[in-house]
1. By a straight-distance test (C-alpha under 30 Å), which lysines pair with Lys155 as possible cross-link partners, with residues fewer than eight away in the same chain excluded?
2. Quick check: convex hull over the Cα atoms of the range 97-176, volume per residue in Å³, rounded to an integer?
3. Membrane-span-like helices in the chain: DSSP H runs reaching 15 Å or more (Cα, own axis), mean Kyte hydropathy at least -0.5?
4. When only alpha-carbon atoms count, how far does the range 1-90 stretch along each of its three principal axes, as whole angstroms with the largest first?
5. Tell me the net charge near Ser136. Cut-off is 11 Å between Cβ atoms, Ser136 excluded, with +1 for each Lys or Arg and -1 for each Asp or Glu.
6. Could you pull out every residue, at least 5 positions away or on a different chain, whose amide H is within less than 5 Å of the one on Tyr161? Hs are placed 1.01 Å off N in the peptide plane, and Pro or chain starts have none.
7. Between Thr110, Leu6, Pro67, whose Cα lies farthest towards the positive end of the dipole of the range 1-152 when Lys and Arg beta carbons carry +1 and Asp and Glu beta carbons carry -1, centred on the Cα centre?
8. How far is it, in nm, from the label point at Asn118 to the one at Phe154 when both lie 7 Å from their Cα along the line to the Cβ?
Amino acid sequence: MIFLRLAKKSDIPILEYWDKQQHVIDCHSDSGDYESHDWTWEQELKQNPDYFNTYIAENTIQEKTIPIGVVQIIDPFHEESHYWGEVEENLRAIDIWIGEAKNLNMGYGTEMMRLAINICFKNPKVKAIIIDPLASNTRAINFYLKFGFKFVRFKTFGEDYCAVHRLDRGSMSVEQ
Ligand SMILES: CC(C)(COP(=O)(O)OP(=O)(O)OC[C@H]1O[C@@H](n2cnc3c(N)ncnc32)[C@H](O)[C@@H]1OP(=O)(O)O)[C@@H](O)C(=O)NCCC(=O)NCCS
């Protein structure tokens, strides 16, 4: 059973460990220099919770709870770095990754995404969810398409060439 809970300071070692995994590095930048990012998890977890939340996905099997991945949900209009540039109000943006390669393709990502979409749309004001996978990350793009996300446009964020997709409220194609 997968749950999402807010990340806390004691999760920083595992978040940093996951940052070193090749599939995590590969999904975060075209240049492969994700490991040298100019922010720390300490700063990331202190972001304004109204606009920026990091969740740890945990899997509970026979009373044992194991952290398996990360979901970040931000309000791209209000978020302080304005990473998304000019966007409408009342959107949410999601980033998601499984921490260790051995946990890929087990169905965990699907469950995490389903929970994340639920969190976003629980707020009745939220119109749609946007995502920005690297255009080269076809595996993640296919993963998002199955939820009903639709391609919007290509956009360069920093040095990364991304394929922006959007899921409007009510367009979800995986059962909630
Ligand atoms: C994208 C990502 C989060 C998807 O998570 P995941 O757990 O690997 O995905 P899932 O296992 O839920 O689904 C992927 C495939 O696994 C298979 N699968 C699903 N449930 C399964 C199960 N219970 N047992 C075995 N395989 C299963 C399916 O074949 C599914 O493919 P399909 O959708 O074509 O049917 C994960 O691949 C990841 O972390 N990738 C690297 C980081 C990344 O690219 N993040 C996106 C940044 S934009």
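A short reminder: the numbers here are calculations on the coordinates, not readings from a lab. This structure is a prediction, so every number in the text was calculated from the model and none was measured. Neighbour counts run over all protein chains shown; Cβ positions are idealised from the backbone, glycine included.
1. Those lysines meeting the cut-off are Lys20, Lys46, Lys122, Lys125, Lys127, Lys146.
2. On the way: hull volume 8.5 nm³, N = 80.
Expressed per residue, the convex hull around the Cα atoms of the range 97-176 is 107 Å³.
3. 108-122
4. 46, 31, 20
5. Working: positive: Arg139; negative: Asp26, Asp30, Asp160.
Once positives and negatives cancel, what remains is -2.
6. Asp30, Ala135
7. Thr110
8. 3.7
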